[in-house]
Structures are given as C-alpha cells and as structure tokens.
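The values are calculated or read from the model by the stated rules, or taken from the named source; none is laboratory data. The model shown is predicted, which means the values in this text are computed figures rather than measured ones. With ideal geometry, Cβ positions are generated from the backbone for all residues, glycine too; neighbour counts draw on all protein chains shown.
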C-alpha cells in the first residue's frame with residue numbers, strides 16, 4: 001500500500017530532520033515530497049551560526065586537563081588544573097544545551113541532523129571545551145559538503161588528535177591508535193586493511209599534533225620521513241598522503257554510504273547492489289555528501305512502507321522530536337543532561353571511539369519505560385526520578401546514582417491543539433495517531449485511549465490524547 005502525501009512528508013521530516021514542528025507543519029503539509037526535500041536543502045544552505053560557550057578564563061589558559069603536561073608550554077599548577085576541569089565541564093553542559101536548542105528550533109533541520117550523524121561517526125570524548133567546540137564547528141560546517149574536507153578537518157582537530165593519542169605519535173615510538181581508527185571507523189571499515197597498513201600509516205601520521213589553542217601543528221622534528229607502503233602505495237608519505245590514499249579507495253565510499261543508509265533509511269541490512277550503486281555515485285562525485293542525500297531522498301524506495309516506522313529513535317531524536325511537537329520552555333534546562341544520561345546518549349560523551357551503536361541498543365526494559373513516561377511527565381509537571389550509571393571523570397557534573405529533578409515546563413499547547421481543532425470527535429484519535437505514529441498503517445486502540453483521556457472540553461481532550469499517544473511504544477520509532 002502506497003503512502004499518502006502526508007505520510008511521505010512526515011517520513012522525510014523524521015529522517016532528514018527531527019520530525020514535524022507543530023508550528024510549521026501546516027505549511028509543510030501543502031508541499032509534495034519533492035518540494036519538501038528542496039525546501040530542506042534551501043533552509044540548510046545558510047552557514048551555521050558558530051557556538052562559542054568557552055569562558056574567557058578557559059580560553060585564556062587554552063587547554064584541558066587531559067593534555068596538561070603533554071602539550072608544549074603546558075605547565076600548570078594543581079589549582080589551575082582543578083579550575084580548568086570545573087570550568088570545562090560547566091561550558092560543555094552549556095554547549096550541549098545550546099546544540100539541543102538549535103536542533104529543536106532551527107529551520108536548517110537537514111544540517112543539524114547530518115551533524116548529529118557525523119558527531120557519532122567521528123566520535124570524540126574529550127573534556128576540553130575549546131577542542132570540542134572547534135570539532136563541532138568542523139562537523140556542522142561540513143555536514144552537507146565534501147566528506148573529503150570533513151575527514152581532513154576532523155583528522156586535524158585537536159579534539160580527535162588528543163582523543164586518539166596522536167600527540168604522542170613520534171618517530172622513535174609510533175602510536176598506532178589514530179591510524180587504526182581512521183581506517184577502521186572513519187573510512188574503510190574493518191577487514192579492508194592489514195596490520196602492516198596500520199603500522200605504516202602510523203609512521204606517516206607522526207608529527208601531527210596541536211597547540212594549546214587547538215590549532216593543528218606539524219612537528220617536523222618528530223615526523224618519520226622515510227619510505228612507507230600503505231594499501232600497496234609506496235612513498236615518503238605524511239598524514240595528508242595517507243588520507244588521500246584512503247579517499248582513493250572506493251571501499252571508503254561504500255563504507256560511508258552503508259553507514260549513512262542505516263542512519264537515514266533502514267537499520268536492517270541494505271541491499272548490496274543498492275549500496276554499491278549509491279557508493280559508486282558518491283565516489284564519482286568526489287564525496288559530495290549533498291549529492292548522496294539527493295540520491296537517497298529522491299528515490300522511490302526511500303518511501304517504501306517497510307522503511308516507515310522501522311527505525312528506533314535515538315534518545316536525542318526522541319527528545320528533540322518531543323520538543324518540536326510540544327513547544328516548551330523548561331524551568332530547569334539542565335534536567336536535559338540527566339535525561340540524556342538516563343536514556344544512554346549524552347552529546348559529546350559517546351561510549352567510545354566507535355560512537356553509539358544505535359538500533360535496538362537504545363531500548364531495554366528501564367529505558368523503554370522512561371521514554372514512554374516523558375510526555376506525561378511534561379504534561380503533568382511531575383519530577384524526573386531516575387537511576388543512572390556511574391562513569392569516569394568525564395561526567396559533566398552528572399554522576400551516577402539515584403537522581404530526582406523537576407521536568408517541569410511551560411508548554412505552548414495552542415500550536416499542537418490547533419492542528420486538530422477542526423477534526424471531528426469520531427476521527428480525532430485516528431487522525432492524531434496518524435500524525436504522531438510513524439507507521440504505514442497506524443491502528444490505535446481507540447477504546448483504550450479514550451478510557452485514559454480527559455473527557456472535558458475538546459482542547460483538554462486533544463492535549464490529553466497527545467500525551468497518551470506519545471507515551472506508547474509506537475512513538476518510539478520513526
């Protein structure tokens with residue numbers, strides 16, 4: 001059964017963004033899917049506004065605890081180190097919340113959704129706010145541009161070089177960590193290189209480092225300029241040469257294409273011929289990310305029913321989608337940090353360099369119950385009472401244990417209510433379910449939902465039904 005125009009639009013907005021906004025949906029609803037895709041691209045064409053939350057004091061010192069003593073001119077007192085750690089965590093919290101707001105409110109949904117993808121692909125866990133802020137700027141500025149430029153920018157960022165220990169990669173004692181992850185996670189994928197390739201590439205990356213201010217620095221004195229052989233290519237390579245060799249491998253295009261397909265289309269195994277066709281075009285375009293997105297979002301198979309409602313929303317997608325449906329202002333915005341921790345996805349703190357695994361790993365018995373409680377907690381103004389796990393020192397002030405915080409918000413109910421104000425009562429629940437549940441044929445249990453819905457004014461019924469439908473397993477997928 002083919003999807004209706006409205007179903008196709010909602011599917012596109014969830015996969016290329018964070019779902020329909022109650023404020024703008026009436027305008028989007030007038031468009032065809034092709035027109036909507038063009039609008040998404042147009043809205044994302046403006047360069048992003050840079051985020052700058054690093055405090056003046058922190059920028060003056062210009063470095064984080066993780067690199068103290070390992071970076072030139074990095075001699076600091078214990079008290080300075082303590083202050084840096086504290087200030088950096090505070091600034092990271094601010095950057096987290098600022099990006100969440102941007103995802104929620106910006107018209108450039110496509111850019112921020114792709115930035116979230118690259119944020120997971122180029123995962124970096126670093127307590128230094130200055131370096132994390134710089135890395136996010138690279139990701140957001142290149143999210144829809146050239147993957148080659150994005151790869152080079154990320155590979156030369158202080159955040160990634162620090163996280164993968166390349167500051168310690170020197171001619172006399174090569175460190176293979178950076179070279180390995182660039183091949184395994186960023187470009188080729190596991191099984192498409194040898195251990196010898198890693199060793200040789202690590203020698204090429206010797207001397208790649210960064211200054212206290214986060215600028216890329218090539219330290220020629222510790223670089224191994226001798227001959228190396230990487231993926232059957234031989235020469236006196238440096239790091240840029242290795243990145244070019246990796247980009248010359250068609251396997252890199254296939255690897256990125258398949259990972260992006262899983263993020264945007266289906267978490268199930270993609271047809272190999274489809275990935276090969278998309279990957280070939282991506283490679284031939286010289287890694288034009290926007291061209292690859294065109295191929296995906298203008299295809300007929302993107303709108304096939306089996307791809308609709310087949311992807312579990314990540315915690316960030318779920319939360320931002322809720323905020324776009326229920327425009328709100330939280331009394332305590334920092335509660336969103338506890339919520340991210342409880343749900344298993346804290347921006348800037350991936351579990352490891354591989355990023356968040358996604359898919360079914362987002363759901364377990366406790367996280368599913370919490371995910372379904374969130375809309376009702378917001379609607380009723382109840383406390384968020386959760387148990388979170390302990391972590392290492394990169395906690396952003398959100399340590400483990402039992403936590404109770406207010407999830408109270410001022411919700412602008414008029415916007416979602418107006419979407420259904422003229423809907424006949426007999427069609428209200430099915431119509432609202434069709435809008436909120438991203439399923440090919442949503443079939444809400446009307447009698448059960450009515451049983452738990454307020455029976456007062458129509459406005460009250462709509463608000464109550466919204467909370468009920470969003471507090472379901474069906475709302476967890478898109």
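When the residues of region 220-241 are filtered to those that are out of contact with any helix residue (DSSP H, G or I) (no Cβ under 7 Å at 6 or more places or on another chain) and touching a residue at least 24 places away in the same chain (Cβ under 8 Å), which remaining residue is farthest from residue 179 (Cα to Cα)?
Per the stated criteria, the residue is 222.
Against the definition (surrounded by fewer than 24 Cβ atoms within 10 Å (Cβ to Cβ), more than 10 Å from the chain's Cα centre (by Cα) and more than 19 Å from residue 24 (Cβ to Cβ)), how does residue 105 come out, yes or no?
no
Please specify each residue of region 24-38 satisfying the condition of being under 21 Å from residue 466 (Cα atoms), in contact (Cβ under 8 Å) with a residue 60 or more places away in the chain and either assigned by TED's automatic domain parsing to the domain that holds residue 324 or crowded, with 16+ Cβ neighbours inside 10 Å (or both).
Once the filter is applied, which keeps residues that are under 21 Å from residue 466 (Cα atoms), in contact (Cβ under 8 Å) with a residue 60 or more places away in the chain and either assigned by TED's automatic domain parsing to the domain that holds residue 324 or crowded, with 16+ Cβ neighbours inside 10 Å (or both), region 24-38 yields only 25.
Does residue 50 fit the bill of being under 26 Å from residue 348 (Cβ atoms), modelled with pLDDT under 85 and part of a loop (DSSP other than H, G, I, E, B)? Lay out the reasoning, then the answer.
Details: under 26 Å from residue 348 (Cβ atoms): yes; modelled with pLDDT under 85: no; part of a loop (DSSP other than H, G, I, E, B): yes.
Spelling it out, it is not the case that residue 50 is under 26 Å from residue 348 (Cβ atoms), modelled with pLDDT under 85 and part of a loop (DSSP other than H, G, I, E, B).
Could you please let me know if residue 165 is under 24 Å from residue 219 (Cα atoms) and at pLDDT below 95?
The answer is no for residue 165.
Can you find, within region 403-415, the residue that is surrounded by the most Cβ atoms within 10 Å (Cβ to Cβ) among those that are in a loop (DSSP other than H, G, I, E, B) and at pLDDT 90 or above? Show your work before the answer.
Start the filter on region 403-415 by keeping residues that are in a loop (DSSP other than H, G, I, E, B), which leaves 407-408, 412-413.
Now restrict to residues that are at pLDDT 90 or above: 412-413.
Values: 412: 14, 413: 18.
Checked region 403-415; the qualifying residue surrounded by the most Cβ atoms within 10 Å (Cβ to Cβ) is 413.
Tell me whether region 416-425 contains one or more residues that are buried (at least 19 other Cβ atoms within 10 Å of the Cβ), at pLDDT below 95 and either assigned by TED's automatic domain parsing to the domain that holds residue 9 or in contact with a helix residue (DSSP H, G or I) (Cβ under 7 Å, 6 or more places away or on another chain) (or both).
no
Could you look through region 450-465, keep only residues that are part of a helix (DSSP H, G or I) and over 37 Å from the mean Cα position of the chain (by Cα), and pick out the one that is farthest from residue 418 (Cα to Cα)? Can you show your working first?
Kept after step one, since they are part of a helix (DSSP H, G or I), are these residues of region 450-465: 450-451, 458-465.
Checking which are over 37 Å from the mean Cα position of the chain (by Cα) leaves us with 451, 458.
Working: 451: 23, 458: 11 Å.
Across region 450-465, the extreme among qualifying residues is 451.
On the given criteria, is residue 430 assigned to a helix (DSSP H, G or I) and either under 25 Å from residue 384 (Cα atoms) or out of contact with any helix residue (DSSP H, G or I) (no Cβ under 8 Å at 6 or more places or on another chain) (or both)?
Working: assigned to a helix (DSSP H, G or I): yes; either under 25 Å from residue 384 (Cα atoms) or out of contact with any helix residue (DSSP H, G or I) (no Cβ under 8 Å at 6 or more places or on another chain) (or both): no.
Answer is no for this residue.
Can residue 31 be described as more than 15 Å from residue 301 (Cα to Cα), more than 22 Å from the chain's Cα centre (by Cα) and part of a loop (DSSP other than H, G, I, E, B)?
Yes, satisfied.
Here are 57, 16, 2, 6: which of them is under 22 Å from residue 309 (Cβ atoms) and modelled with pLDDT under 95?
Among 57, 16, 2, 6, only 2 is under 22 Å from residue 309 (Cβ atoms) and modelled with pLDDT under 95.
Sort out which residues of region 165-177 are surrounded by fewer than 23 Cβ atoms within 10 Å (Cβ to Cβ) and in contact with a helix residue (DSSP H, G or I) (Cβ under 7 Å, 6 or more places away or on another chain), and write them in order of number.
Of everything in region 165-177, those that are surrounded by fewer than 23 Cβ atoms within 10 Å (Cβ to Cβ) and in contact with a helix residue (DSSP H, G or I) (Cβ under 7 Å, 6 or more places away or on another chain) turn out to be 165, 167, 170, 171, 174, 175, 176.
Give region 189-231 a look and list any residue that's within 32 Å of the chain's Cα centre (by Cα), in a strand (DSSP E or B) and within 20 Å of residue 251 (Cα to Cα), or say none.
Residue satisfying the conditions is 230 alone.
Determine which single condition residue 289 fails, assuming it passes every other condition in (1) closer than 30 Å to residue 89 by Cα; (2) surrounded by 19 or more Cβ atoms within 10 Å (Cβ to Cβ).
(1)
Within region 262-336, which helices (runs of 4 or more DSSP H) (wholly inside it) include 3 or more residues that are in the same structural domain as residue 377 (by TED's automatic domain parsing)?
Of the helices (runs of 4 or more DSSP H) lying wholly inside region 262-336, those with at least 3 residues that are in the same structural domain as residue 377 (by TED's automatic domain parsing) span 315-325.
Any residue in region 224-235 that is buried (at least 19 other Cβ atoms within 10 Å of the Cβ) and touching a strand residue (DSSP E or B) at 6+ places or on another chain (Cβ under 9 Å)?
Yes, some residue in region 224-235 is buried (at least 19 other Cβ atoms within 10 Å of the Cβ) and touching a strand residue (DSSP E or B) at 6+ places or on another chain (Cβ under 9 Å).
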